[in-house]
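Novice: Could you have a look at this structure, given as structure tokens, before my questions?
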Amino acid sequence: KQIDLGDYKYYMQKEIFEQPQAIRDTLESRITKNTVLLSAFGYRAKTIFKNTKHIQIIACGTSYNAGLVAKYWLEDIAKIPTNIEVASEYRYRNPIVLDNTLLITISQSGETADTLEALRSIKKRYKNIHTLTICNCAESSLTRESELILLTHAGPEISVASTKAFTTQLVSLALFSVAIGKCHKQVDKQQEASIVDGLNRLSGLIKKTLEQENKIIKLAQSFKDKFNAIFLGRGTMHAIAMEGALKLKEISYIHSEAFPAGELKHGPIALIDKDTPVIAIAPNDQLLDKLKSNLQEVKSRGSQMIVFEDEMSNVLPMKNMTVMSITHNLGRITAPIIFTIPLQLLSYHVALIKGADVDKPRNLAKSVTVE
Ligand code: G6P
């Protein structure tokens with residue numbers, strides 16, 4: 001059925017602004033004030049999670065980027081060894097899957113051919129594993145063929161460029177990290193309460209971030225004649241930088257790449273010149289000082305820099321640098337979700353300025369169900 005655009009110009013814009021609600025819907029009846037409810041994953045989840053020794057995530061595109069964030073969370077919070085790979089590679093090689101692996105597929109549509117076929121081939125070859133899908137479509141191939149299901153309640157996503165599906169995937173993966181971490185006695189009550197408190201505050205924080213749209217519209221102006229852009233982040237923010245670069249290239253056709261900031265010196269810095277804007281994400285974490293020195297390296301190449309920071313990060317603006325404080329003192333779960341928002345808005349507005357067909361970018365499909 002046709003979904004009304006209302007006052008919005010494009011579905012992507014509508015879906016970006018629906019995120020506070022989509023996240024509330026995804027959290028609904030899955031958390032209390034200070035705990036994550038294991039029942040959200042189905043009655044078999046407890047036994048399966050307890051027995052899980054390894055996690056393998058497979059996904060494509062934006063869903064892959066969500067999984068990349070989760071790898072950091074799962075090893076950091078639940079202390080379970082986690083691997084992630086794009087489904088289009090995984091399905092065609094001979095991966096070794098250890099006993100007691102939980103195979104997780106992440107997908108908005110639940111119909112992506114590569115992800116589905118990867119799941120099928122592993123299920124056929126390995127019997128001592130379990131499967132979980134994090135999916136936005138209740139009636140889909142992935143939900144039918146997985147043992148455990150956690151639905152992201154983002155609602156229908158029409159725009160090809162994924163936005164609210166991504167942030168609700170992150171929220172779901174955060175719930176999963178805490179739930180499995182509890183089963184492994186790696187998450188104590190206090191830690192759980194503080195993560196859940198962050199999740200409960202997310203919708204409000206996103207709303208506040210969306211209110212900064214005007215500043216991002218201004219920043220977007222400087223991209224209209226650019227051919228290249230580079231996104232930098234460390235830790236989970238590398239994955240968020242990848243998602244920012246994917247969004248920008250998908251809808252504005254500007255060649256954009258993301259690098260872990262520490263890798264700059266091993267090659268990518270050769271690309272940086274005054275015509276290549278650099279977008280960096282600067283959360284207030286233990287890698288902040290290292291990121292600041294990366295920014296110094298970029299500065300000496302004369303490129304335009306945009307830094308999205310936590311207010312507590314105190315990045316001192318340098319020549320050609322715009323520092324935009326996104327919010328205040330975010331935690332390791334909330335930060336990647338919140339820093340996604342300005343990157344979505346940036347790509348949306350750059351595409352608008354360039355006159356691109358935002359919801360239907362050339363050569364792309366919403367869901368790739370054939371090879
Ligand atoms: C296509 C879409 C992307 C999406 C990817 C994976 O390439 O254009 O936006 O991230 O498929 O789709 P899925 O439905 O599996 O998340």
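Novice: Sort through K215, K247, K182 and tell me the only one that's charged (D, E, K, R) and surrounded by fewer than 16 Cβ atoms within 10 Å (Cβ to Cβ).
Specialist: Just a single option satisfies the conditions, and that option is K215.
Novice: Quick test for you: out of K79, K50, pick the one residue that is touching a residue at least 24 places away in the same chain (Cβ under 8 Å), at positive phi and away from the ligand (no atom under 16 Å from the Cβ).
Specialist: K79
Novice: Sort through E263, E297 and tell me the only one that's part of a helix (DSSP H, G or I), in contact with a Leu (Cβ under 7 Å, 6 or more places away or on another chain) and surrounded by fewer than 23 Cβ atoms within 10 Å (Cβ to Cβ).
Specialist: Only one candidate qualifies: E297.
Novice: State all residues of region 350-368 that are touching a helix residue (DSSP H, G or I) at 6+ places or on another chain (Cβ under 8 Å), under 30 Å from R91 (Cα atoms) and more than 9 Å from the ligand (Cβ to nearest atom); if no residue qualifies, say none.
Specialist: D359
Novice: Moving to a separate point now. Could you check region 183-257 for helices (runs of 4 or more DSSP H) lying wholly inside it with 2 or more residues that are closer than 24 Å to W73 by Cβ and of a type in the set (D, E)?
Specialist: Result: 189-210.
Novice: Any idea which residue in region 97-135 is nearest to the ligand (Cβ to nearest atom), counting only those that are in a strand (DSSP E or B) and among the aliphatic types (A, V, I, L, M)?
Specialist: Restricting to residues being in a strand (DSSP E or B) and among the aliphatic types (A, V, I, L, M), the top hit is I106.
Novice: Next up: List every residue pair whose Cβ atoms lie under 6 Å apart, where the two residues are 6 or more positions apart in sequence or sit on different chains, the first residue falls within region 189-208 and is under 21 Å from E18 (Cα atoms), and the second residue, located anywhere, is at pLDDT 95 or above and of a type in the set (D, E, K, R).
Specialist: Final answer for the pair search is S203/R24.
Novice: Taking the stated definitions as given, is H328 closer than 30 Å to W73 by Cβ, within 21 Å of the chain's Cα centre (by Cα) and exposed (fewer than 14 other Cβ atoms within 10 Å of the Cβ)?
Specialist: yes
Novice: Every residue in region 12-39 that is closer than 12 Å to K182 by Cβ and either in a helix (DSSP H, G or I) or under 21 Å from the mean Cα position of the chain (by Cα) (or both), please.
Specialist: Result: V36, L38.
Novice: Which residues, taken from region 236-258, are at pLDDT 95 or above and either away from the ligand (no atom under 16 Å from the Cβ) or among the small types (G, A, S) (or both)?
Specialist: Matches in region 236-258: T236, M237, H238, A239, A241, G244, A245, H255, S256, E257, A258.
Novice: List the number of the failed condition for S252; all other conditions in (1) more than 16 Å from the chain's Cα centre (by Cα); (2) surrounded by 23 or more Cβ atoms within 10 Å (Cβ to Cβ); (3) closer than 23 Å to R24 by Cβ hold.
Specialist: Result: S252 passes all but (3).
Novice: So how many residues does region 343-371 have that are among the charged types (D, E, K, R) and either surrounded by 13 or more Cβ atoms within 10 Å (Cβ to Cβ) or in a helix (DSSP H, G or I) (or both)?
Specialist: Count: 4.
Novice: Residue check: is F166 touching a Phe, Trp or Tyr at 6+ places or on another chain (Cβ under 9 Å), touching a residue at least 60 places away in the same chain (Cβ under 8 Å) and either assigned to a helix (DSSP H, G or I) or under 19 Å from I57 (Cβ atoms) (or both)?
Specialist: Judged against the criteria, F166 is not a match.
Novice: Return the residues of region 145-166 that are β-branched (V, I, T) and away from the ligand (no atom under 13 Å from the Cβ); say none if nothing qualifies.
Specialist: Across region 145-166, the qualifying residue is only I149.
Novice: Report yes if some residue within region 171-186 is in contact with a strand residue (DSSP E or B) (Cβ under 7 Å, 6 or more places away or on another chain), within 12 Å of the ligand (Cβ to nearest atom) and of a type in the set (S, T, Y); otherwise report no.
Specialist: For region 171-186, residues in contact with a strand residue (DSSP E or B) (Cβ under 7 Å, 6 or more places away or on another chain), within 12 Å of the ligand (Cβ to nearest atom) and of a type in the set (S, T, Y): absent.
Novice: What's the number of the condition V69 fails, among (1) crowded, with 24+ Cβ neighbours inside 10 Å; (2) part of a loop (DSSP other than H, G, I, E, B)?
Specialist: (2)
Novice: Quick test for you: out of I272, I279, pick the one residue that is modelled with pLDDT of 95 or more, in contact with a helix residue (DSSP H, G or I) (Cβ under 8 Å, 6 or more places away or on another chain) and more than 16 Å from the ligand (Cβ to nearest atom).
Specialist: I279
The values are calculated or read from the model by the stated rules, or taken from the named source; none is laboratory data. Note that this is a predicted model, so its numbers are computed, not measured. Positions of Cβ are generated from backbone atoms using ideal geometry, with glycine treated the same way; all protein chains shown enter the neighbour counts.
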